[in-house]
Structures are given as C-alpha cells and as structure tokens.
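Heads up: the structure comes next, in structure tokens.
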Amino acid sequence: MSLDQDIAHIRKEFPILHQKVRGASLVYLDNAATTQKPQAVIASISSYYEQYNANVHRGAHYLANLATDAMEKSRDAIQHFIGATHREEIIFTQGTTDGINLVAHAWAMTHLKIGDEILVALSEHHANIVPWQQVCKKTGAILKVIPLNPDGTWVADWKTYINAQTKLVSVGWVSNATGVVHPIHEMVEQAHNAGAKILVDAAQAVSHFPLQVAQLNCDWLVFSGHKLFGPTGIGVLFGKLDLLNAMEVYRTGGEMIKKVSFEGTTFQEAPLKFEAGTPHIQGIIGLGEAIRWFSNVGWEWIHKIEMQQIEWMKSVTAEVKALHWIGESERKTALYSFWSPQFHHADLGELLDQQGVAIRTGHHCTQPLWDAWNMSGTARASFALYNNEEDTVQLQKSLIKSIQLLIG
Ligand SMILES: Cc1ncc(COP(=O)(O)O)c(C=O)c1O
C-alpha cells in the first residue's frame, strides 16, 4: 500500500474528520492539544456502557469481573506498549499533569530539603514547572532552568546544570511549543551519574516514537491518553517498581487501602496504592483500545507518515515567507510554531478557523519560554498520522489568504 492510500485508510477510521466546518472541509491540525479518536476507541467505550458497566475489583459478579478484566488488560497493553518490566509499574492517572503532581506530592515533598536542586528546561509546559515550584516552597529546594538556543534546543553546556545538589531532573522529551526532541537518553545518564532521579514528560513524545522505559532507565515517565487517540481524563504514570513502593501515598480511599482501623491504616502496593476511589474505567478501557489500534498501524508506518508530513511542510515553510517558523532543529516532530511581528497570532488563528483549518494560538502553557524570547506566543499547527497532503495544501492556501487580509 502507498503512503497516501494508507493515510486515506487511517482517515476513514476517524468519523470526526469527515465534516465541513464553516463551509470548508475540516483540516484538523491541533493534535498537540488533543488527538481525534478512531471508531474502535469510541466503540470500546460504548460497549462498556452497553454491555458490562460495573465497578471494578470489588464486585463478585459477572459484569464486575468483565469490567475488571478489561481494565487490567489495558494495563497489560500499556506495559507492553511502553516497554515496562512489570505491569505493576503502570499507574492510571488523570493525565500528564496529574502524574507529575503525584510524583511531586508522593516523592519530592518528602524527599527534598533546603538547598536541593530540581532541574527543568525553559521550554517546559506549566504542568512541569508549577508542581516543582510548590515543592520548592514547601521544602526549600531550588528550581534550576536549562536555557534554550534560539532554535529551541537545549544550550550546548546543558550538562553543567547538573551537579551534586541536583536531586531531581524533570524534563519534557518533546516540546509542545517548538516540536524539538530533546536528548533524553543522555539526560537520564547524566542525572543518574549525579545521583539524581529523573522524570520524563512524554506528553508530546508518546504518539511519535517508541518510549521503551526499561531501556531508557528513567525513574518516572508520564503521558496523557487523549494525546494518543484515547479518551480525555485518563493518563499513565510509569515508575520503577521499587521506587513506587517506597513512595508515600498521594490520594487516599477506596482500593488503595489494605486495612482500615481507627488505630491506623495500611495500604496496597503499587499500582493500586496510587489508584484511590473508583477509577476512570471507561477511560482506561478506551486507552487500552487506542493503544491496540495504534500498535496495529505500527511504528514503521507512523514514522514514515511523519517524515512525509515534515517533507510536505518544508514547502509550506519555504513558500510562506511572511512568517517566522520556530524550532527548525534536526530532531523534531511534525509540530510547527509560527508568528509574525506584523500581526497577532490570535488574529491569524481566527482567519484560519474561518477557512476550516483548526490550529492553536497563544502561549501553549509555556509562558516562561515566550517571556525569555520577548514574545506573547505563536500560532501552532501540529500533525497526527491522519493528516494528509491535502491538509498541508489547505494550510498553505489559508495562511497565504489570511496574511494577505492581515497585512494587505
Ligand atoms: C509537554 C506537555 N506536558 C504536559 C501537558 C499537560 O497534559 P494534560 O493537560 O493532558 O495533563 C501537555 C499538554 O499539552 C504537554 O504538551
């Protein structure tokens, strides 16, 4: 099958893509914010509610067993997908933000002290900054920041930001503002050499290349289901098993408890230890289905499609010279941030929307980055495996038309 035929085949599985928006065919290029869902994922959620809705783990009846099995099969699918050694290393969270907060509360708040350092990079999403600021406020630890080159890559001497005081490194694998892929393998090695733990924010990496956490050897890794063709409100925290079991509990109540008495309460081991209350069952089932669907496409095709999209976008960035394109580094995903000093990115986004082209405008939850670069934000077009050549053609046409309207 050719690449074009393959993308056409993939597109058929996404009902939402086949609609007109403001009279034009929808061109959905806001995949870094959230991806669309294939029919298989939508059907898996409906069939849970239509056929086996029940609470999990605690029911001694047929439907409860079906729901529990489906939920735990999703855990197995995720373990396999991200290359974790143990299924108990997969914790269900509400998403990337929730996973980072979990580690901040259940590990950093109790393990860090005055003068310890937490290292992040300038391009981090707010979700990977603010929890650490809260930890610093409580513990007296200090937040250190790796600066960026103008192309969005970490500065050449980034290793010098790690020292004997560094106790935690928490970095994004791929920037949601620039699409730049950061050298995470090297960072894991450097962090461990210094005796620090490392958390990887894989929100923008998970749908672009295999994570292989055991091989990567990171201590924690987080991502959101909704950026991987799964439902919103569900995400994953991977943690090394011995570390998870040594961490404090975070939220309490429900299945995370072993025994409660007024003298004291004992808790389960991971993963249940971190999954308080009734879980997001349909979200977990939908995410498992998303991973099965995505794995069926296969990394080889996913990579080929993305390389082709990057190729198509080379002509767009070359043709639309009125825009500044950020993050043109060697190692990047098909995510494009652009701006012009002649008009506001929000106005450009609005004009694109009127032509059926959905992109994101604003600070993309990376305000410190734009402050450092004296900017207020950008317009951002981000691709997923269903975006075809027609989408890039429409993007280019709409950009040219909008810019003409804005600057005459
Ligand atoms: C790099 C990065 N980290 C964290 C997040 C937060 O993800 P969520 O809102 O799903 O928790 C995002 C979302 O855009 C992101 O791009």
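The values are calculated or read from the model by the stated rules, or taken from the named source; none is laboratory data. Not measured: the values here are computed from a predicted model. For neighbour counting, all protein chains shown are included, and Cβ atoms are generated from backbone atoms with ideal geometry for every residue, glycine included.
Determine whether ASP219 is crowded, with 22+ Cβ neighbours inside 10 Å and more than 16 Å from the ligand (Cβ to nearest atom). Judged against the criteria, ASP219 is a match. Just wondering, is there one or more residues in the stretch 197-211 that are under 19 Å from LEU102 (Cα atoms), in contact with a His (Cβ under 6 Å, 6 or more places away or on another chain) and crowded, with 16+ Cβ neighbours inside 10 Å? No.
The set of residues in the stretch 77-108 being assigned to a helix (DSSP H, G or I), buried (at least 24 other Cβ atoms within 10 Å of the Cβ) and within 11 Å of the ligand (Cβ to nearest atom) consists of THR96, GLY99, ILE100. For the stretch 131-146, the condition of being part of a loop (DSSP other than H, G, I, E, B) and touching a residue at least 40 places away in the same chain (Cβ under 8 Å) holds for none of the residues.
Just name the residue that is nearest to the chain's Cα centre (by Cα) out of those in the stretch 164-221 that are of a type in the set (Phe, Trp, Tyr) and within 22 Å of PRO131 (Cα to Cα). Ranking the candidates gives TRP173 first. Checking each residue in the stretch 362-387 for being crowded, with 23+ Cβ neighbours inside 10 Å and polar (S, T, N, Q) picks out THR366, THR378, SER382, ASN387. Inside the stretch 120-152, can you point out the residues that are under 17 Å from GLN190 (Cβ atoms) and more than 16 Å from the ligand (Cβ to nearest atom)? Within the stretch 120-152, LYS144, PRO147 meet the criteria. The single residue among HIS182, HIS111 that is in contact with a strand residue (DSSP E or B) (Cβ under 8 Å, 6 or more places away or on another chain), modelled with pLDDT of 95 or more and away from the ligand (no atom under 16 Å from the Cβ) turns out to be HIS111. The single residue among MET256, MET247 that is surrounded by 16 or more Cβ atoms within 10 Å (Cβ to Cβ), modelled with pLDDT under 95 and either closer than 24 Å to THR333 by Cα or not acidic (Asp, Glu) (or both) turns out to be MET256. Elements of the type strands (runs of 3 or more DSSP E) sitting completely within the stretch 290-380 and holding at least 3 residues that are under 24 Å from ARG22 (Cβ atoms) and aromatic (Phe, Trp, Tyr): these cover 335-339. Scanning the stretch 322-355 for residues that are crowded, with 21+ Cβ neighbours inside 10 Å, within 21 Å of the chain's Cα centre (by Cα) and farther than 17 Å from ASN387 by Cβ returns ILE326, GLY327. Suppose we keep only residues that are among the small types (Gly, Ala, Ser) and touching a residue at least 60 places away in the same chain (Cβ under 8 Å) within the stretch 167-190. Which one would you say is farthest from LYS144 (Cα to Cα)? Step by step, filter the stretch 167-190, then rank; the result is GLY179.
Does ILE42 meet the test of being away from the ligand (no atom under 16 Å from the Cβ), within 30 Å of ILE359 (Cα to Cα) and part of a helix (DSSP H, G or I)? Yes; evaluated as a whole, the condition is true for this residue.
Kindly indicate whether any position in the stretch 63-77 is in contact with a strand residue (DSSP E or B) (Cβ under 8 Å, 6 or more places away or on another chain), in the same structural domain as ASP219 (by TED's automatic domain parsing) and under 23 Å from VAL222 (Cβ atoms). Yes - at least one qualifying residue is present in the stretch 63-77.
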